[in-house]
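Here's the structure, in structure tokens; my notes come after.
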2 protein chains.
Amino acid sequence: MNSTYPTQDRSGLARVVPLVGWLRHYDRKIFRHDLVAGLTVAVMLVPQSMAYATLAGMPPVTGLYASIVPLVVYALLGTSGSLAVGPVAITALMTSAALAGRADGDPARYAALAALLALLVGGIQVLLGVLRLGVLVNFMSHPVLSGFTSAAAIVIAASQVKDLFGLNMGRAETFPEIVAALWGAATTAHGLTIIVSLVSVAALVLLRRYAPRLPGALLVVAGITAVSAAFSFGDRGVKILSNVPAGLPVPALPTLSGQDVQALLPAAIAIALVAYLEGIAVAKTLAAKSRQQVGPDRELVAVGAANLSAGLFQAFPVAGGLSRSAVNFSAGARTPVATLVTAAMVALTALLLTPAFHHLPRAVLAAIVVVAVLGLVDRKGAATTWRVRRTDGLALALTFLVTLLVGVEPGLAAGVAFSLGVFVWRSARPHTAELGRVPDTDRYRNVQRFPGLLTDPRFAVVRVDGPLYFANAQRLSDQLLTMAGQRTGLAAIVLDASAITDIDTDGATALAELRERLAGHDVVLHLATVRGPVRDLLDRAGVWRSVRDAGHVHPDIPTALAAAEGTPAGDRTTLAVVGGGADREVQ
Amino acid sequence: MNSTYPTQDRSGLARVVPLVGWLRHYDRKIFRHDLVAGLTVAVMLVPQSMAYATLAGMPPVTGLYASIVPLVVYALLGTSGSLAVGPVAITALMTSAALAGRADGDPARYAALAALLALLVGGIQVLLGVLRLGVLVNFMSHPVLSGFTSAAAIVIAASQVKDLFGLNMGRAETFPEIVAALWGAATTAHGLTIIVSLVSVAALVLLRRYAPRLPGALLVVAGITAVSAAFSFGDRGVKILSNVPAGLPVPALPTLSGQDVQALLPAAIAIALVAYLEGIAVAKTLAAKSRQQVGPDRELVAVGAANLSAGLFQAFPVAGGLSRSAVNFSAGARTPVATLVTAAMVALTALLLTPAFHHLPRAVLAAIVVVAVLGLVDRKGAATTWRVRRTDGLALALTFLVTLLVGVEPGLAAGVAFSLGVFVWRSARPHTAELGRVPDTDRYRNVQRFPGLLTDPRFAVVRVDGPLYFANAQRLSDQLLTMAGQRTGLAAIVLDASAITDIDTDGATALAELRERLAGHDVVLHLATVRGPVRDLLDRAGVWRSVRDAGHVHPDIPTALAAAEGTPAGDRTTLAVVGGGADREVQ
């Protein structure tokens, strides 16, 4: 296999339609790779897309619809050479949760709402991409995503138990609802359906483990469909797909109502971010391996356009999928042409092969979903994260529990809000350290951490680790004032500002007031190593000039101490910092 | 006047009831000061409290009720020697806004809701104080408070126009509603009422300006009430207070309904924070002047208990007031005994003097409110703040506009949300700087800011100003990878971590991944000056050990560069950083 990967030429027309850039250096050898990869992904995508369609609450054939035009659109606009776009489990679950209870049991209205949701998701993604706001996804931290994904995988698996056991029960969305409904419907379990499910799950797991190169889902679908047709499983009470309509989807704008748009908007935002995040993460990883480059905001526009087309072609929201992209890459995909091959194969399937799915039991699709998502449950993550940082572990646990017990959107929202809250709370209580000199150097270190540092009772050197802003300025000011009030003989405080990374008007005011109040205690405030942006703001606030003119601004701590001692600043060698570190030693 | 101030003894019983601590060093001389101050505040408080009661939508006499028991409770528990608690304008406005439209025009229900609100405010304050969460008020930045106060003052003034002009109009809460209602009722303006208002405002302004030591409000109230009684203003269409009931309030628990509690809770939280903030700010300022000390969380408990008692005694939320506290202090208040004197005077007034207010025109109370609040409008603040930092100016403007046009709680909430959003957004895009060596020193500075620094094309020294966490870790990692990809001949990146003030699990993961990916570009990542808390987390995340064992951790930049160059770390004098600063010089 050729290991060279074409890079994308991004000049001229290729700026608008990146596919043009890929084709400039295209040749037959590259096409052979793309062809093999495209076919490989197609045999995986056909059963998966139908399975995820049922997960989303949609007819199976719409999974195929979601895997034709959106793939073509992504192939035209995407910057990743190996990302495989289409229906994915998590966004299918989120789609189902967003539409739950909104269609009053009317499948046509449900489908129209799903298409509307895809349009909204696409619109939001294109907008964010154009505004270069793709960085917004970074506000979903990994602990939050880990908790969210694990809980979503469990909810997805639970939602498939109905089809795996052939139960007669209504739709249920959240985990507690599903468990209650399953409990109520347990007696309706259907023996033959359970056997089909067990065989399917076992075959999928064994094939994935021992023959990972074979298209497991396709083989299971083909095998069980053949058996189901031969023995008329449909007549024996096994739910089969029955008539899957043949033909390609035709474009249609779903009927829009302002009320529906408003109701679906929060879900659309959540899906837009999660769908983009899943894709960009895998695209970046694969691009690093192939030494290609992805443009994050361009990717957002590309997947957004794919979602817009999904909404126009009677489908539901799509995303760049983790597992299919990995298969695409390892099967040799070089450029988005592979995705075009996949789309063509799915289109042929929709045109010609849908009658073949008539006898396919729904339980097989459920088995495909369950086997696909169970690997997503991150069992060790919580413990590891908790060990590294308590609050990150709490964010993970909170997201997991709220997603499982309340719902996917509340879970994600709670996780993001909690982790931002923790960040702000920590910033409001920044770490501060009193510093002492490392003997025989000009380096200053935290006296609480390093034994044997030299200090001088006349001078306190204090480092503040964090921005000085409205939420913490008062607190820091109080801290230093208390120090000045408690230590007799203190003549100066040197504020090591090297880690004060930002400042606002409240920070500037607090600093100016602190200087005055310290002066009331006969303590001089010296500033050392003030960062550029902080200096600029202090200047605009009218604080900098007076501090500097008083000679209380210094490039580093030794200079500041020399000035505090009254020694000429240039004459640093005369600085005599006397002992005192001993009584502050820590073991 | 004696200028010594007793400090509070905080041992034994005084820990629970601070008043005991004050009384341990009490003598007649101190009492003389407290007596004068208490009487001075009382003559100010009687008319003001009745005026603020009407602003809160309550009968005037409840202003007196709010100024008796709550003052006694605060005097027992407060740690400030000069804070004057009672009804204040902003919380009266917030009370009125919170109760608007909830009482269905029933005064008894309105009064019960006001008492319930006071109980909620008190409960929240006591809870926050016990949990030591007084720092929460710091999340209201000065720009937000400035915009809020200015808008609230304008809304308050507008709400008084009705009484100043004797208009017949219903209640209106927000500024647009008030303006519309005033416009509709303009033709009902009453000539004599307007004259009373003009005289009152003029007298109040002139007395404050030219005779600031005289009790202006009391003189105006007494003078105009006398004229009003002599010429029967009440019969001439001027709205007068009529029957003000005599006697002291009796304790009663307002009827509680869960629905009312839920409806009032957001307002109660806002009032609890604003009321505390107004008090603690002035208490701290006065304590600094008198070299006394206030305990912020103790103050929260004390003012919370005062509010609980206000709720029990048929009043409405109270706070430590700015202007009366200043008067209390300058009149010589030494201890909370001054507040006890004030409370006794107000109680006497409620018992004996209420008939004297029969002929007092409501317009006079409105004039007192307007004159008190107009000084609160901060006309220069917005421009100054905008000049120092754009986002702080925007926070001020946003809070002002939302408070004025939508309401007090939405205004405060919008301001806090916006300023936190700005803080998080800035932290997600931290300032980074490439550093060069200051010739003939070991100091490194931003090459974009300082001309003539020495750099070496083989090594990039990069400083990141801010915590490395989920919202920015990916971005920083991408930035350094792009640098490694673009610069040929780059052998090492030295990350100056001196300003990386915090790190989370995502930051640790990103750093580990960055190291590996840079290695793929044949670039070594060195860490210099890693702060203690950051080091601890990297250690727990399993990252620290491998970086340290590889010899890529250094106490400072010169050591890191020496190691990158392959020079023995201890032998720093052989470090030869070659030129290159010239082409990066900035003017």
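The values are calculated or read from the model by the stated rules, or taken from the named source; none is laboratory data. Fair warning: this is a prediction, and the values are worked out from it, not measured in the lab. In this analysis, Cβ positions are derived from the backbone assuming ideal geometry, glycine residues included, and neighbour counts consider all displayed protein chains.
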* To do: Would you check which residues across region A:47-61 are over 19 Å from residue A:341 (Cα atoms) and polar (S, T, N, Q) and list them?
  => A:54
* Go through region A:126-148 and give me each residue that's surrounded by fewer than 24 Cβ atoms within 10 Å (Cβ to Cβ) and more than 13 Å from chain B (Cβ to nearest Cβ). => A:126, A:127, A:128, A:129, A:130, A:131
* Asked: Scanning region A:290-303 for residues that are at pLDDT below 85 and more than 10 Å from chain B (Cβ to nearest Cβ), which turns out nearest to residue A:134 (Cα to Cα)?
  -> A:295
* **So residue A:60, is it modelled with pLDDT under 90 and at negative phi** => no
* Across region A:464-488, what is the total count of residues that are more than 9 Å from chain B (Cβ to nearest Cβ) and of a type in the set (Val, Ile, Thr)? -> 2
* Which residues, taken from region A:1-40, are surrounded by 14 or more Cβ atoms within 10 Å (Cβ to Cβ), farther than 18 Å from residue A:301 by Cα and β-branched (Val, Ile, Thr)? -> A:7, A:30, A:36, A:40
* Asked: How do the pairs read when you match residues in region B:195-207 that are crowded, with 18+ Cβ neighbours inside 10 Å with residues anywhere that are outside any helix (DSSP H, G or I), using Cβ under 9 Å and keeping only pairs 6 or more apart or on different chains?
  -> B:196/B:166; B:196/B:238; B:196/B:361; B:197/B:166; B:197/B:361; B:200/B:361; B:207/B:214; B:207/B:215
* To do: Read through the list (1) more than 10 Å from chain B (Cβ to nearest Cβ); (2) buried (at least 23 other Cβ atoms within 10 Å of the Cβ); (3) in a loop (DSSP other than H, G, I, E, B), then give the number of the only condition that residue A:415 fails.
  => (3)
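How many residues are polar (S, T, N, Q) and under 19 Å from the mean Cα position of the chain (by Cα) if we restrict to region B:271-293?
Restricting attention to region B:271-293, the residues satisfying the condition of being polar (S, T, N, Q) are B:285, B:290, B:292-293.
Going one step further and asking which of them are under 19 Å from the mean Cα position of the chain (by Cα), we end up with B:285.
Qualifying residue count for the region: 1.
Here are some residues: A:487, A:475, A:445. Which one is out of contact with any helix residue (DSSP H, G or I) (no Cβ under 9 Å at 6 or more places or on another chain) and over 24 Å from residue B:450 (Cβ atoms)? Reasoning before the result, please.
Numbers: A:475 fails: out of contact with any helix residue (DSSP H, G or I) (no Cβ under 9 Å at 6 or more places or on another chain); A:445 fails: out of contact with any helix residue (DSSP H, G or I) (no Cβ under 9 Å at 6 or more places or on another chain).
Residue meeting the stated conditions: A:487.
Condition check ((1) closer than 26 Å to residue B:9 by Cβ; (2) hydrophobic (A, V, I, L, M, F, W, C)) across all residues:
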position: B:257; (1), (2): no, no
position: B:261; (1), (2): no, yes
position: B:284; (1), (2): yes, no
position: B:291; (1), (2): yes, no
position: B:297; (1), (2): yes, no
position: B:309; (1), (2): yes, no
position: B:317; (1), (2): no, no
position: B:325; (1), (2): yes, no
position: B:335; (1), (2): yes, no
* To do: State whether the residues of region B:254-270 include one that is over 31 Å from the mean Cα position of the chain (by Cα) and either at positive phi or not in a loop (DSSP other than H, G, I, E, B) (or both).
  => no
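Yes/no per residue for (1) more than 11 Å from chain B (Cβ to nearest Cβ); (2) more than 30 Å from residue B:426 (Cα to Cα); (3) of a type outside the set (Gly, Ala, Ser); (4) in a helix (DSSP H, G or I):
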| site | (1), (2), (3), (4) |
| --- | --- |
| A:411 | yes, no, no, yes |
| A:420 | no, no, yes, yes |
| A:427 | no, no, no, yes |
| A:434 | yes, no, yes, no |
| A:445 | no, no, yes, no |
| A:460 | yes, yes, no, no |
* Asked: List pairs: first in region A:529-550 and more than 11 Å from chain B (Cβ to nearest Cβ) and surrounded by fewer than 21 Cβ atoms within 10 Å (Cβ to Cβ), second outside any helix (DSSP H, G or I) and of a type in the set (Val, Ile, Thr), Cβ under 7 Å, 6+ apart or cross-chain?
  -> A:547/A:553
* **Residues of region A:6-22 satisfying the condition of being assigned to a helix (DSSP H, G or I) and touching a residue at least 24 places away in the same chain (Cβ under 8 Å)** => A:18, A:19, A:22
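Specify the residue that is surrounded by the fewest Cβ atoms within 10 Å (Cβ to Cβ); the eligible residues are those in region B:56-69 that are in a helix (DSSP H, G or I) and of a type in the set (Val, Ile, Thr).
Keep residues of region B:56-69 that are in a helix (DSSP H, G or I), which gives B:61-65, B:69.
Imposing the further condition that a residue be of a type in the set (Val, Ile, Thr) reduces the set to B:61-62, B:69.
On the way: B:61: 24, B:62: 25, B:69: 22.
Top of the filtered list is B:69.
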* May I ask you to say which residue of B:72, B:43, B:36 is in contact with a Gly (Cβ under 6 Å, 6 or more places away or on another chain) and part of a helix (DSSP H, G or I)? => B:36
* Residue that is surrounded by the fewest Cβ atoms within 10 Å (Cβ to Cβ), among those in region B:489-519 that are outside any helix (DSSP H, G or I) and within 11 Å of chain A (Cβ to nearest Cβ) -> B:502
* Could you tell me whether any residue of region B:170-180 is part of a helix (DSSP H, G or I), surrounded by 18 or more Cβ atoms within 10 Å (Cβ to Cβ) and within 14 Å of chain A (Cβ to nearest Cβ)? => no
* Asked: Only one residue in A:76, A:113 is over 16 Å from the mean Cα position of the chain (by Cα), touching a residue at least 60 places away in the same chain (Cβ under 8 Å) and within 29 Å of residue A:23 (Cβ to Cβ). Which one?
  -> A:76
